[in-house]
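Below: the structure, in structure tokens.
The values are calculated or read from the model by the stated rules, or taken from the named source; none is laboratory data. Keep in mind the model is a prediction, meaning the values are calculated, not measured. Please note: Cβ atoms are built from the backbone with ideal geometry, for glycine as well, and neighbour counts cover all protein chains shown. Only protein heavy atoms, including side chains, enter the accessible area calculation; ligands, DNA and RNA are left aside. Shrake-Rupley method; radii C 1.70, N 1.55, O 1.52, S 1.80 Å.
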Amino acid sequence: TEESYLTPTPTPDCSILFEGFNGFQTGTRPLDWTFTGCNANTDVYTGVGQFGYALPSIKLDTRGDRIESASFVRPGQLSFWVRGFSVNPTSALFVQAFMTDSWDTLTEIYDLPVTGTTIGPIDVFPTASRLRFQFEKEYGNLAFDDVCLSLGPPSPPPITPTPSPSASPTPTPSPPPSTSPTPSTP
């Protein structure tokens, strides 16, 4: 029987995406995700405590194993679940976001936790369109699960200069008309 390990539960605001990799061990792959070095049905952990919300988690067991998300728009904050197995402090998970034409690093996580832990929230660049998670292994393996991405704030409307009202010229007082002395008549 499949058992769900209910700690942690998914964040309620996963409005852009929530991916738990359900069915990965039986050949189900999330649409438009890419798995490099971890695409076999056996690249999973299914034991109690080895996955986040529900089984399985993805097993990252070789330097350079990488997961890339499907495309999205207007991201906000990211969280995901990990657990290290016999990892040392120099093994790391690199989290990157694809911008217009290159991958930019959001964070590098060293000293990976050896108990199931949700990492995040991590702010994602508002113009990012995909995420990439890459395991930089020295020793050990990493279980990876429950990618959650919230919707970011709406893009501000384009700034249109608002004409400022023209100031009315302040009238300059005219000098009083000069008066000539009126000659007095004797």
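Quick notes
- A single entry from GLU68, GLU138 fulfils the requirement of being open to solvent by 40 Å² or more (accessible area, probe 1.4 Å) and either among the charged types (D, E, K, R) or modelled with pLDDT under 95 (or both): GLU138.
- Only one of the listed residues (GLU138, GLU108) is in a loop (DSSP other than H, G, I, E, B) and either among the charged types (D, E, K, R) or on the phi > 0 side of the Ramachandran plot (or both). That residue is GLU138.
- Meets criteria (buried (at least 16 other Cβ atoms within 10 Å of the Cβ) and in a strand (DSSP E or B)) for PHE35: yes
Conditions tested, residue by residue: (1) part of a strand (DSSP E or B); (2) closer than 24 Å to LEU17 by Cβ.
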position: GLY49; (1), (2): no, no
position: ALA54; (1), (2): no, yes
position: LYS59; (1), (2): yes, yes
position: THR62; (1), (2): no, no
position: ALA70; (1), (2): no, yes
position: GLY76; (1), (2): yes, yes
position: PHE80; (1), (2): yes, yes
position: VAL87; (1), (2): no, no
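- Inside the range 58-85, residues that are among the aromatic types (Phe, Trp, Tyr) and closer than 15 Å to ILE119 by Cβ make up a count of 2.
- Being free of Cβ contacts under 8 Å to residues at least 60 places away in the same chain, closer than 26 Å to TYR139 by Cα and touching an Asp or Glu at 6+ places or on another chain (Cβ under 8 Å) is not true of VAL82.
- Matching entry among SER129, SER102 (being over 19 Å from LEU55 (Cβ atoms), open to solvent by 30 Å² or more (accessible area, probe 1.4 Å) and without any contact (Cβ under 8 Å) to a residue 12 or more places away in the chain): SER102
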